[in-house]
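Student: Next up is a structure, given as structure tokens.
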Amino acid sequence: NLKINYVPVTAVSRFEDIESSKIDLLCGATTKTLGRSEKVGFSQLTFVTGGGLLSSSGAAISNITGLKGKKVAVVENTTTKTSLERVLSENGINSEVVAVASLDEGMALLDKGEVAAFSSDQVILIGSVIARSKPDQYFLSPQLFSYEPFALAIQRGDADFRLVVDSALSRVNRSGQIVGIYGKWFGKFGMKPPVALQMLYQLGATPE
């Protein structure tokens with residue numbers, strides 16, 4: 001009999017919304033980091049992915065070096081933006097990083113040809129392409145340039161609520177339901193859980 005109130009948040013406001021108690025649980029593509037853990041709490045890990053690149057199929061960019069001399073959009077206040085800028089700097093790649101406020105804005109810039117690529121967590125890019133009417137007009141780079149472990153964010157120090165969240169996640173992993181959930185969204189496109197994700201599901205199947 002739990003009443004659920006869905007509250008929209010942005011990449012900029014999401015952690016402030018947790019801290020201010022505007023929301024109790026952040027159920028989105030959120031990377032768990034030590035820095036963020038200073039402000040909010042996190043559940044056990046729920047997914048693992050990495051930063052990727054999406055470009056048009058007519059001007060495909062297969063790896064990070066393909067961004068040389070080009071513009072790439074990325075959502076502001078995300079670990080993907082931090083990782084992208086670091087990788088570009090470390091590899092001496094001169095590329096203009098265009099910060100956008102949302103996924104939709106980044107995709108719009110790519111569609112209009114104002115940027116050569118849009119960068120986000122690869123799983124988010126996959127979801128964006130799947131939702132498009134003409135998915136074949138996009139090219140998803142197979143290369144990942146960062147490690148992004150996802151978790152659900154909660155109030156920092158709320159051990160009781162974290163136990164409730166972790167218990168629910170563990171039951172989903174133990175029962176095998178997680179395989180069906182993955183298949184629902186990715187299976188029809190021929191995608192199978194990568195080895196790292198399969199291991200994460202096993203490690204997340206904590207006994208009662």
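Student: Only sites in a loop by DSSP and with at most 10 other Cβ atoms within 10 Å count here; which chymotrypsin sites (Phe, Trp or Tyr not before Pro) in segment 1-109 make the cut?
Tutor: Numbers: sites: Y6, F15, F42, F47; in loops: Y6.
Loop-located and lightly packed - Y6.
Student: I want the local charge near S95. Using Cβ-Cβ distances under 9 Å, sum +1 for each Lys or Arg and -1 for each Asp or Glu among the other residues.
Tutor: Result for the local shell: +2.
Student: Quote the convex hull volume per residue of segment 51-140, based on C-alpha atoms, as a whole number of Å³. If you can, show how the numbers build up before the last one.
Tutor: Details: hull volume 7.0 nm³, N = 90.
Per-residue hull volume (Cα only) is 78 Å³.
Student: Take V100, V7 and order them by how many other Cβ atoms sit within 10 Å, fewest up front.
Tutor: V7, V100
Student: Could you please rank S175, S133, S128, placing first whichever residue has the fewest other Cβ atoms within 10 Å of its Cβ?
Tutor: In increasing order of surrounding Cβ atoms, one gets S133, S175, S128.
Student: Work out the charge dipole of segment 51-140 with +1 on the Cβ of Lys and Arg and -1 on the Cβ of Asp and Glu about the Cα centre, then indicate which of G69, A108, F118 is farthest towards its positive end.
Tutor: Ranked along the dipole, the leading option is G69.
Student: Post the alpha-carbon centroid distance, segment 159-208 to segment 25-102, in whole angstrom.
Tutor: Distance between centres, Cα-based: 24 Å.
Student: If you take every DSSP beta bridge fully contained in the chain, what fraction is antiparallel? Give it as a percent rounded to 5.
Tutor: Antiparallel bridges make up about 70 percent of those DSSP assigns within the chain.
Student: As a footprinting exposure proxy, order Y147, Y182 by other Cβ within 10 Å, with the fewest listed first. Present the calculation step by step, with values, prior to reporting the outcome.
Tutor: On the way: Y147 13, Y182 17.
Ordered from fewest to most neighbouring Cβ atoms within 10 Å, Y147, Y182 come out as Y147, Y182.
Student: Among T10, F139, S43, whose Cα sits farthest toward the positive end of the charge dipole of the chain (+1 at Cβ of Lys/Arg, -1 at Cβ of Asp/Glu, about the Cα centre)?
Tutor: F139
Student: Work through the residues other than L169 whose Cβ is under 15 Å from its Cβ and net out their charges, Lys, Arg +1 and Asp, Glu -1.
Tutor: Working: positive: K32, R162, R171, R174; negative: D166, E208.
Cβ neighbours under 15 Å give a net charge of +2.
Student: Please list, by residue number, every one of the trypsin sites (Lys or Arg not before Pro) in segment 167-208 that is coil in DSSP and has at most 11 other beta-carbon atoms within 10 Å.
Tutor: none
Student: Among all lysine pairs in the chain that are eight or more places apart or on different chains, how many have alpha carbons less than 17 angstrom apart?
Tutor: So the count of such lysine pairs works out to 11.
Student: With only alpha-carbon pairs counted, each pair once and no self-pairs, how large is the Kirkwood hydrodynamic radius of the chain in angstroms?
Tutor: 18.3 Å
Student: Dipole magnitude of the chain about its Cα centre, charges +1 at Lys/Arg Cβ and -1 at Asp/Glu Cβ only, in debye to the nearest 20?
Tutor: So the dipole magnitude of the chain works out to roughly 500 debye.
Student: If you don't mind, there's one more thing I want to ask. Let me have the 222 nm mean residue ellipticity of the chain computed from DSSP H runs of 4+ only, each contributing -39500 (n - 2.57), with the sum over all residues rounded to the nearest 500.
Tutor: -10500 deg cm²/dmol
A short reminder: the numbers here are calculations on the coordinates, not readings from a lab. Because the structure is predicted, anything quoted here is derived from the model rather than measured. Glycine also receives a Cβ, built like all others from the backbone with ideal geometry; neighbour counts cover every protein chain displayed.
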